[in-house]
Amino acid sequence: MKNWISRRQLALLGAAVVGTAAALFGAPAPTLADDVVLKVYTALEEEQLPVYKDAFEKANPGITIEWQRDSTGVITARLLAEKENRQADVVWGLAATGLMVLDKEGMLERYSPKGFDQIKDDFKDKRSGWPTWVGMDAWASAICYNKVEAEKLGLPKPASWKDLLNPVYKDQIVMPNPGSSGTGFLTVSAWLQLFGDKGGWDYMTKLHENIKTYLHSGSKPCKAVGAGEYPIGISFAYPGVKLINDGAPVEVILPKDGIGWDMEATAIMKGTKNLAAAQKLADFAASADANKLYNESYQVLARKDVTPTLPANYPADEEKLMISPNNFYEMADRRQAILDEWQRSFGSKDAPK
């Protein structure tokens with residue numbers, strides 16, 4: 001028997017090898033079409049959207065971002081509702097715990113963006129070599145305190161979460177509803193981890209006595225405090241720092257007993273018809289240039305090779321006060337049960353949507 005194979009057999013063997021490689025390592029790189037419009041769902045702040053859009057489109061001519069923006073809970077719910085008829089190509093800027101919920105439903109594409117090795121371990125989906133989400137930056141809960149309004153009412157400045165249980169604060173505090181706000185959920189998640197399940201729910205029951213209303217955005221409590229509508233709001237640092245730098249009589253307080261946090265993250269929606277363009281956005285979102293943009297609002301960044309600079313009036317020691325470990329996957333698994341219990345117990349004070 002001759003020890004050779006025909007050209008046709010060689011071609012078939014080559015095809016088999018390529019097919020096996022594609023199955024093991026993912027499909028071949030998709031082709032980028034001209035003039036692509038990417039539908040990008042986000043919970044980023046309104047003022048960030050034009051900056052990020054401009055930077056990405058300049059780096060990727062021929063691709064245009066079309067934003068769909070709302071709070072974390074609303075965007076997560078919308079994506080779940082569209083599971084069988086997906087409209088989004090990419091999610092750029094949604095709480096990682098929200099993306100973990102989508103991932104459980106098999107809705108996210110596996111993709112390791114360029115520069116993935118420069119992403120800190122805490123900001124990675126580390127379950128396999130093919131992540132479904134990649135972190136961008138971290139934001140953490142904070143207290144916004146209006147010094148003028150508090151002085152009028154004779155309210156002391158709180159230093160910890162437990163200080164907020166003081167009866168002197170009755171009807172003087174606002175916070176985000178965790179069902180509609182990622183900031184609300186990361187704050188509730190932190191209380192359950194800091195104080196234990198029973199202690200956390202007991203804490204929220206006592207805090208409820210001092211809550212005036214629950215708003216449907218993570219930044220709204222701080223913005224309302226800055227406008228003088230309330231003296232104290234549970235929110236996150238960025239809107240408070242912006243208010244201070246715009247001249248508002250606000251102080252941002254990081255509770256000394258530990259602060260909850262989550263990551264903004266990026267993911268590609270499985271089934272997108274614009275996969276090549278979506279991968280370009282995922283590459284950009286994980287890049288050093290994008291992390292420098294994130295640093296205009298946030299102190300804790302995903303990239304190891306980008307040294308953050310602290311904006312004026314940003315509170316010190318945020319990263320040191322962030323709870324560790326933060327059980328993201330456990331909280332994502334329990335998310336709906338936590339939200340259902342929270343709504344039954346405290347939803348009577350919800351602000352109108």
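The values are calculated or read from the model by the stated rules, or taken from the named source; none is laboratory data. In this text the structure is predicted, and so the values were computed from the model without any measurement. Backbone-built Cβ (ideal geometry, glycine too); neighbour counts: all protein chains shown. For the accessible areas, the whole protein counts, side chains as well, though only heavy atoms, and no ligand, DNA or RNA atoms are used. Shrake-Rupley method; radii C 1.70, N 1.55, O 1.52, S 1.80 Å.
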Original post:
If the cut-off is 17 Å between C-alpha atoms, which aspartates and glutamates fall inside it for K39, apart from same-chain ones fewer than 8 positions away?
Top reply: D54, E57, E66, D70, E82, E84, D89, E109, D283
Subject >> FRET E, pair R334, D35, Förster distance 45 Å, beta-carbon r, rounded to 0.05 >> reply: 0.55
Original post:
When ligands, DNA and RNA are left out and all protein chains stay put, how many square angstrom of accessible area per residue does the range 56-198 have with a 1.4 Å probe?
Top reply: 40 Å²
Original post:
Taking the DSSP beta bridges in the chain as the whole, what percent of them are antiparallel, to the nearest 5?
Top reply: 60 percent
Subject >> Alpha-carbon Rg/Rh ratio, for the range 140-290, with Rh computed the Kirkwood way >> reply: 1.07
Original post:
Rounded to the nearest 500, what is the chain's calculated 222 nm mean residue ellipticity when only DSSP H runs of at least 4 contribute -39500 (n - 2.57) each, over all residues?
Top reply: -12000 deg cm²/dmol
**OP:** Have a look at A290, N210, Q193 and report the one farthest towards the positive end of the charge dipole of the range 193-314, computed about the Cα centre with Cβ charges (Lys/Arg +1, Asp/Glu -1).
**Re:** A290
Original post:
If the chain were replaced by its equivalent ellipsoid, with semi-axes equal to the square roots of 5 times the Cα gyration tensor eigenvalues, what would those be, largest first, whole Å?
Top reply: 43, 21, 18
Original post:
Under unit Cβ charges (Lys, Arg +1; Asp, Glu -1), what dipole magnitude, rounded to 20 debye, does the chain have relative to its Cα centre?
Top reply: 940 debye
Original post:
What whole-number value in Å² describes the accessible area per residue of the range 210-315 for a 1.4 Å probe?
Top reply: 34 Å²
Subject >> Modelled FRET efficiency - R0 30 Å, S348 with A77, Cβ distances, 0.05 increments >> reply: 0.90
Original post:
Pairs K124/K270; K170/K242; K124/K162: which are spaced more than 21 Å apart, C-alpha to C-alpha?
Top reply: K170/K242; K124/K162
**OP:** Measure out, as a whole number of angstrom, how far apart the alpha-carbon centroids of the range 30-88 and the range 298-340 sit.
**Re:** 23 Å
Original post:
Counting only protein heavy atoms and using a 1.4 Å probe, what share of the accessible area of the range 259-353 belongs to carbon plus sulfur, as a whole percent?
Top reply: 49 percent
Original post:
Of the accessible area of the range 31-181, with the probe set at 1.4 angstrom, what percent is carbon plus sulfur?
Top reply: 47 percent
